[in-house]
């Protein structure tokens, strides 16, 4: 029977890392393992060696040897914050306490950078309804990222209405003429830009409608708190009143019709989310079982529209990455090619009881590659997890002479590594 590692998630990562190298999650894993091996064999501090090779913030924007331009970022600050948040300095005391209980405790670190592009074209069509509703038609779809909340938050902020007044319409090709879907951290990054353009058009048209209603010059009108008001007076028109007025038969012909706007953009310039993960494990030498006891991440997303949603996506990404590092294995019969792990009875997936509470933190260094300063978010939970987990396991067993454990680090593989090192 032959086995190969399963893929927990396909994460669209950069062909280069902050170390000026290449990588998807698996390549990032190889790089992070090589850094740890180099540090151990040549006596370097693992954290210091990484910091020494990170592109400094002062070098931004930085063009790497492959020609990709990192627009902005402070990689060292993210790593330093993750190291501090994980209490790396206090780890040796926790290691000694674990040894008194017969466990081997280890800590590992992994950095990452991703290249977020995806389908570059996106369109949003926004209509203000007189009955007190704002319809947003957009082509990107939600696959659990909470677009109905975060997209609505942007619209509600720009028009100063309540989130309940915003209705998101997706997945209907009768009304959404353009859309790139949800992948590669593109949804908020592209949707935010096209929704902003459509919103600006609505404010411009609404101002002209209000000028007609109030018999005032457009330049004398301000838009604030969902109202168009004449400067220096209390005379004004609500956004929804302007939408109703535009449908009146006596409205000027150039203004008559729905109060609506459309924004479309093709953005092929990528953004670069980045961050650091620190994993702490305990290994039972009698069974080879690995327990994750602490897990810390710092992820830079440029601008965080809804931090709670971002933290939730990061938690899911961590689970996917840890699953790939510890559990997921596809096995086939060597003679027939029949898959032996075809059901969830045979293919192990991570469950909630495998994890401790996560310590996740968001960094916000605005991206300069799009007007709203957004990077992708969520996938970063997966990308560094492979290296951080295996580095932690190897660190736990380093005193026995273990230099590497291949993924997935199942209890059997870890136990065999211990036995081989002891021999």
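The values are calculated or read from the model by the stated rules, or taken from the named source; none is laboratory data. Source: prediction; values computed, not measured. Note: ideal-geometry Cβ built from the backbone for every residue, glycine included; neighbour counts use all protein chains shown.
Filtering 271, 226 for residues that are at pLDDT below 95 and in contact with a helix residue (DSSP H, G or I) (Cβ under 8 Å, 6 or more places away or on another chain) leaves a single hit, 271. Applying the criterion of being in contact (Cβ under 8 Å) with a residue 40 or more places away in the chain and either outside the structural domain of residue 300 (by TED's automatic domain parsing) or surrounded by 14 or more Cβ atoms within 10 Å (Cβ to Cβ) (or both) to the residues of the range 61-76, the residue that is farthest from residue 375 (Cα to Cα) is 64.
Does residue 98 satisfy the criteria of being surrounded by fewer than 23 Cβ atoms within 10 Å (Cβ to Cβ), out of contact with any strand residue (DSSP E or B) (no Cβ under 9 Å at 6 or more places or on another chain) and in the same structural domain as residue 386 (by TED's automatic domain parsing)? For residue 98, the condition - surrounded by fewer than 23 Cβ atoms within 10 Å (Cβ to Cβ), out of contact with any strand residue (DSSP E or B) (no Cβ under 9 Å at 6 or more places or on another chain) and in the same structural domain as residue 386 (by TED's automatic domain parsing) - is not met.
The single residue among 156, 176 that is more than 30 Å from residue 391 (Cβ to Cβ), surrounded by fewer than 18 Cβ atoms within 10 Å (Cβ to Cβ), in contact with a strand residue (DSSP E or B) (Cβ under 7 Å, 6 or more places away or on another chain) and without any contact (Cβ under 8 Å) to a residue 60 or more places away in the chain turns out to be 156.
Evaluate the range 273-293: report whether one residue or more is in contact (Cβ under 8 Å) with a residue 40 or more places away in the chain and part of a helix (DSSP H, G or I). Within the range 273-293 (the criterion being in contact (Cβ under 8 Å) with a residue 40 or more places away in the chain and part of a helix (DSSP H, G or I)), the answer is no, since none of the residues qualifies. Cβ-Cβ contacts under 6 Å between residues 6 or more apart (or on different chains), taken from a first residue in the range 370-385 that is in the same structural domain as residue 183 (by TED's automatic domain parsing) and at positive phi to a second residue that is crowded, with 24+ Cβ neighbours inside 10 Å and modelled with pLDDT under 90, are absent.
All conditions in (1) crowded, with 17+ Cβ neighbours inside 10 Å; (2) under 18 Å from the mean Cα position of the chain (by Cα) hold for residue 269, with the sole exception of (1).
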